[in-house]
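See below for the structure under consideration.
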Amino acid sequence: MKSTGETGVRRSRVTTSEAPKFRRFAAEERAAMLVQAGLDCLAEGGITAFTVDNICRRAAASRGLIAHHFGGKEQLLAAVYEAAYQPMLDKISPAAGALGLGPLIDRMFDAEARDLPTLRVWLALWGEIAVNPALKAAHRRNYGHYRAVVEGAVKAHCAPRGLNLDAGVLAASVIALIDGLWLEQCIDPDGFDSTLARAACLGMLEPILGPLEA
(Lines give C-alpha, C1' and ligand atoms only; values in the text may rest on other atoms or scores of the structure.)
Protein backbone atom coordinates (compact mmCIF):
# COMPACT_ATOMS: atom_id res chain seq x y z
CA MET A 1 0.00 0.00 0.00
CA LYS A 2 8.42 6.31 -2.77
CA SER A 3 5.48 8.66 -2.37
CA THR A 4 2.31 7.66 -4.09
CA GLY A 5 -0.33 9.77 -5.76
CA GLU A 6 -2.96 11.68 -3.90
CA THR A 7 -5.20 8.72 -3.28
CA GLY A 8 -2.37 6.36 -2.38
CA VAL A 9 -0.80 5.71 0.98
CA ARG A 10 0.44 9.01 2.32
CA ARG A 11 4.07 9.09 3.36
CA SER A 12 5.19 10.92 6.48
CA ARG A 13 7.53 13.85 6.03
CA VAL A 14 9.74 12.29 8.66
CA THR A 15 10.90 8.99 7.17
CA THR A 16 12.38 6.19 9.20
CA SER A 17 15.66 6.37 7.27
CA GLU A 18 16.04 10.04 8.24
CA ALA A 19 15.60 9.41 11.95
CA PRO A 20 18.89 9.83 13.85
CA LYS A 21 18.82 7.75 17.00
CA PHE A 22 20.02 10.59 19.19
CA ARG A 23 17.27 13.01 18.21
CA ARG A 24 14.23 13.58 20.41
CA PHE A 25 10.97 13.58 18.51
CA ALA A 26 7.69 15.15 19.53
CA ALA A 27 5.01 12.63 20.44
CA GLU A 28 3.10 13.30 17.21
CA GLU A 29 6.22 12.80 15.11
CA ARG A 30 7.12 9.55 16.83
CA ALA A 31 3.58 8.20 16.44
CA ALA A 32 3.60 9.14 12.75
CA MET A 33 6.94 7.35 12.31
CA LEU A 34 5.51 4.18 13.84
CA VAL A 35 2.50 4.36 11.52
CA GLN A 36 4.76 4.87 8.52
CA ALA A 37 6.95 1.98 9.58
CA GLY A 38 3.81 -0.17 9.79
CA LEU A 39 2.77 0.86 6.28
CA ASP A 40 6.23 0.00 4.97
CA CYS A 41 6.15 -3.42 6.63
CA LEU A 42 2.78 -4.22 5.07
CA ALA A 43 3.89 -3.01 1.65
CA GLU A 44 7.02 -5.13 1.66
CA GLY A 45 5.95 -8.32 3.42
CA GLY A 46 2.22 -8.33 4.05
CA ILE A 47 0.63 -8.95 7.43
CA THR A 48 3.29 -11.45 8.50
CA ALA A 49 5.87 -8.64 8.34
CA PHE A 50 3.78 -6.44 10.63
CA THR A 51 5.66 -7.35 13.81
CA VAL A 52 6.72 -5.24 16.76
CA ASP A 53 10.38 -5.94 16.04
CA ASN A 54 10.14 -4.98 12.37
CA ILE A 55 8.17 -1.82 13.08
CA CYS A 56 10.46 -0.66 15.87
CA ARG A 57 13.55 -1.38 13.81
CA ARG A 58 12.24 0.72 10.94
CA ALA A 59 11.15 3.57 13.20
CA ALA A 60 14.32 3.41 15.34
CA ALA A 61 11.99 3.14 18.34
CA SER A 62 11.84 1.02 21.46
CA ARG A 63 9.17 -1.68 21.77
CA GLY A 64 7.44 0.15 24.58
CA LEU A 65 6.62 3.13 22.36
CA ILE A 66 3.97 1.17 20.46
CA ALA A 67 2.09 0.53 23.71
CA HIS A 68 2.73 4.12 24.83
CA HIS A 69 1.32 5.76 21.70
CA PHE A 70 -1.30 3.24 20.58
CA GLY A 71 -1.96 0.77 23.38
CA GLY A 72 -0.69 -2.22 21.41
CA LYS A 73 0.05 -3.67 18.00
CA GLU A 74 -3.61 -4.18 17.02
CA GLN A 75 -4.42 -0.55 17.77
CA LEU A 76 -1.38 0.50 15.74
CA LEU A 77 -2.71 -1.60 12.85
CA ALA A 78 -6.01 0.31 13.08
CA ALA A 79 -4.06 3.59 12.93
CA VAL A 80 -2.19 2.28 9.89
CA TYR A 81 -5.54 1.48 8.28
CA GLU A 82 -6.72 5.03 8.93
CA ALA A 83 -3.51 6.37 7.37
CA ALA A 84 -4.06 4.24 4.27
CA TYR A 85 -7.73 5.22 3.93
CA GLN A 86 -7.58 8.96 4.61
CA PRO A 87 -5.84 10.08 1.39
CA MET A 88 -8.54 8.37 -0.67
CA LEU A 89 -11.29 10.05 1.36
CA ASP A 90 -9.53 13.40 0.98
CA LYS A 91 -9.34 12.93 -2.78
CA ILE A 92 -13.07 12.31 -3.22
CA SER A 93 -14.30 14.47 -0.33
CA PRO A 94 -17.01 17.03 -1.13
CA ALA A 95 -14.65 19.59 0.38
CA ALA A 96 -12.38 19.01 -2.63
CA GLY A 97 -15.24 19.97 -4.95
CA ALA A 98 -18.31 18.04 -6.04
CA LEU A 99 -17.43 15.07 -8.22
CA GLY A 100 -19.55 13.39 -10.84
CA LEU A 101 -19.62 9.62 -10.80
CA GLY A 102 -17.31 9.37 -13.81
CA PRO A 103 -14.55 11.59 -12.37
CA LEU A 104 -14.88 9.81 -9.02
CA ILE A 105 -14.23 6.47 -10.72
CA ASP A 106 -11.30 8.00 -12.59
CA ARG A 107 -9.74 9.05 -9.30
CA MET A 108 -10.26 5.64 -7.75
CA PHE A 109 -8.27 4.07 -10.59
CA ASP A 110 -5.55 6.71 -10.77
CA ALA A 111 -2.49 4.80 -11.99
CA GLU A 112 -0.08 6.81 -9.82
CA ALA A 113 -2.13 6.24 -6.69
CA ARG A 114 -2.59 2.51 -7.26
CA ASP A 115 1.08 1.58 -7.32
CA LEU A 116 2.23 -1.87 -6.19
CA PRO A 117 3.25 -0.97 -2.59
CA THR A 118 -0.12 0.70 -2.01
CA LEU A 119 -1.99 -2.30 -3.40
CA ARG A 120 0.01 -4.62 -1.15
CA VAL A 121 -0.92 -2.54 1.88
CA TRP A 122 -4.61 -2.80 1.01
CA LEU A 123 -4.40 -6.54 0.37
CA ALA A 124 -2.81 -7.09 3.79
CA LEU A 125 -5.35 -4.89 5.57
CA TRP A 126 -8.41 -6.41 3.90
CA GLY A 127 -7.34 -9.84 5.05
CA GLU A 128 -7.33 -8.73 8.68
CA ILE A 129 -10.60 -6.83 8.89
CA ALA A 130 -12.75 -9.89 9.64
CA VAL A 131 -10.59 -11.05 12.56
CA ASN A 132 -9.41 -7.80 14.15
CA PRO A 133 -12.10 -5.88 16.12
CA ALA A 134 -10.17 -2.60 16.16
CA LEU A 135 -9.60 -2.80 12.42
CA LYS A 136 -13.23 -3.74 11.80
CA ALA A 137 -14.41 -0.66 13.69
CA ALA A 138 -12.06 1.57 11.69
CA HIS A 139 -13.29 -0.01 8.46
CA ARG A 140 -16.96 0.52 9.28
CA ARG A 141 -16.36 4.17 10.04
CA ASN A 142 -14.33 4.87 6.93
CA TYR A 143 -16.54 2.78 4.67
CA GLY A 144 -19.52 4.80 5.87
CA HIS A 145 -17.84 8.03 4.75
CA TYR A 146 -16.81 6.48 1.44
CA ARG A 147 -20.28 5.11 0.71
CA ALA A 148 -21.91 8.46 1.52
CA VAL A 149 -19.70 10.22 -1.04
CA VAL A 150 -20.37 7.59 -3.72
CA GLU A 151 -24.10 7.68 -2.99
CA GLY A 152 -24.09 11.45 -3.44
CA ALA A 153 -22.35 11.09 -6.80
CA VAL A 154 -24.88 8.43 -7.85
CA LYS A 155 -27.81 10.69 -6.95
CA ALA A 156 -26.25 13.64 -8.78
CA HIS A 157 -25.86 11.47 -11.88
CA CYS A 158 -29.28 9.79 -11.81
CA ALA A 159 -31.59 12.67 -10.87
CA PRO A 160 -31.21 14.87 -13.99
CA ARG A 161 -31.45 11.80 -16.22
CA GLY A 162 -34.69 10.59 -14.65
CA LEU A 163 -33.15 7.31 -13.53
CA ASN A 164 -35.28 5.88 -10.73
CA LEU A 165 -32.64 3.75 -8.99
CA ASP A 166 -31.90 3.09 -5.32
CA ALA A 167 -28.82 5.26 -4.83
CA GLY A 168 -27.75 3.47 -1.63
CA VAL A 169 -27.86 0.04 -3.22
CA LEU A 170 -26.13 1.28 -6.36
CA ALA A 171 -23.41 2.98 -4.31
CA ALA A 172 -22.70 -0.27 -2.47
CA SER A 173 -22.52 -2.05 -5.83
CA VAL A 174 -20.11 0.53 -7.26
CA ILE A 175 -17.83 0.19 -4.25
CA ALA A 176 -17.94 -3.62 -4.44
CA LEU A 177 -17.05 -3.42 -8.13
CA ILE A 178 -14.13 -1.08 -7.47
CA ASP A 179 -12.89 -3.21 -4.58
CA GLY A 180 -13.03 -6.36 -6.70
CA LEU A 181 -11.04 -4.73 -9.49
CA TRP A 182 -8.50 -3.42 -6.98
CA LEU A 183 -8.16 -6.95 -5.62
CA GLU A 184 -7.38 -8.27 -9.09
CA GLN A 185 -4.73 -5.56 -9.43
CA CYS A 186 -3.24 -6.68 -6.11
CA ILE A 187 -3.10 -10.30 -7.24
CA ASP A 188 -1.79 -9.70 -10.77
CA PRO A 189 -0.54 -6.10 -11.15
CA ASP A 190 1.38 -6.90 -14.35
CA GLY A 191 -1.59 -8.46 -16.09
CA PHE A 192 -4.35 -6.17 -14.82
CA ASP A 193 -3.48 -2.48 -14.67
CA SER A 194 -5.47 0.62 -13.74
CA THR A 195 -6.48 1.35 -17.34
CA LEU A 196 -8.06 -2.06 -17.74
CA ALA A 197 -9.67 -1.84 -14.29
CA ARG A 198 -11.28 1.51 -15.13
CA ALA A 199 -12.53 0.22 -18.49
CA ALA A 200 -14.03 -2.85 -16.79
CA CYS A 201 -15.80 -0.68 -14.22
CA LEU A 202 -17.30 1.62 -16.85
CA GLY A 203 -18.24 -1.38 -18.97
CA MET A 204 -20.41 -2.68 -16.15
CA LEU A 205 -21.99 0.65 -15.14
CA GLU A 206 -22.62 2.52 -18.36
CA PRO A 207 -25.23 0.07 -19.78
CA ILE A 208 -27.27 0.84 -16.65
CA LEU A 209 -26.46 4.51 -16.06
CA GLY A 210 -25.58 5.78 -19.51
CA PRO A 211 -22.28 7.53 -20.33
CA LEU A 212 -20.27 8.60 -17.29
CA GLU A 213 -18.69 11.96 -17.96
CA ALA A 214 -14.90 12.13 -17.87
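The values are calculated or read from the model by the stated rules, or taken from the named source; none is laboratory data. This structure is a prediction, so every number in the text was calculated from the model and none was measured. Using ideal geometry, Cβ is built from the backbone for each residue, glycine included, and neighbour counts are taken over all protein chains shown.
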For Glu184, indicate whether it is modelled with pLDDT under 90, among the charged types (D, E, K, R) and in a helix (DSSP H, G or I). yes
Name every residue in segment 161-208 that is touching a Lys or Arg at 6+ places or on another chain (Cβ under 7 Å) and of a type in the set (Val, Ile, Thr), in order of residue number. Ile175
Could you grab the pairs with beta carbons closer than 6 Å, sequence gap of 6+ or different chains, first residue in segment 32-58 and more than 16 Å from Ala83 (Cα to Cα), second one part of a loop (DSSP other than H, G, I, E, B)? Val52/Arg63; Cys56/Arg63
Among the residues in segment 112-131, are any at pLDDT 90 or above, buried (at least 20 other Cβ atoms within 10 Å of the Cβ) and either β-branched (Val, Ile, Thr) or not in a helix (DSSP H, G or I) (or both)? yes
Does Ser3 satisfy the criteria of being hydroxyl-bearing (Ser, Thr, Tyr), modelled with pLDDT under 95 and over 20 Å from Ala138 (Cβ atoms)? yes
Surrounded by fewer than 20 Cβ atoms within 10 Å (Cβ to Cβ), within 30 Å of Gly180 (Cβ to Cβ) and modelled with pLDDT of 90 or more: which single residue out of Ala49, Ala67, Ala96, Ala84 fits that description? Ala49
Residue in segment 188-207 that is nearest to Val154 (Cα to Cα), counting only those that are assigned to a helix (DSSP H, G or I) and in contact with a helix residue (DSSP H, G or I) (Cβ under 8 Å, 6 or more places away or on another chain): Leu205
Among the listed residues Val121, Val154, Val169, identify the single one that is over 20 Å from Ile47 (Cβ atoms) and touching a helix residue (DSSP H, G or I) at 6+ places or on another chain (Cβ under 6 Å). Val154
With respect to Ala37, is the statement that it is hydrophobic (A, V, I, L, M, F, W, C), modelled with pLDDT under 95 and either on the phi < 0 side of the Ramachandran plot or not in a helix (DSSP H, G or I) (or both) true? no
For segment 99-111, give me the residue count where each residue is in a loop (DSSP other than H, G, I, E, B) and either more than 18 Å from Glu184 (Cβ to Cβ) or modelled with pLDDT of 85 or more (or both). 3
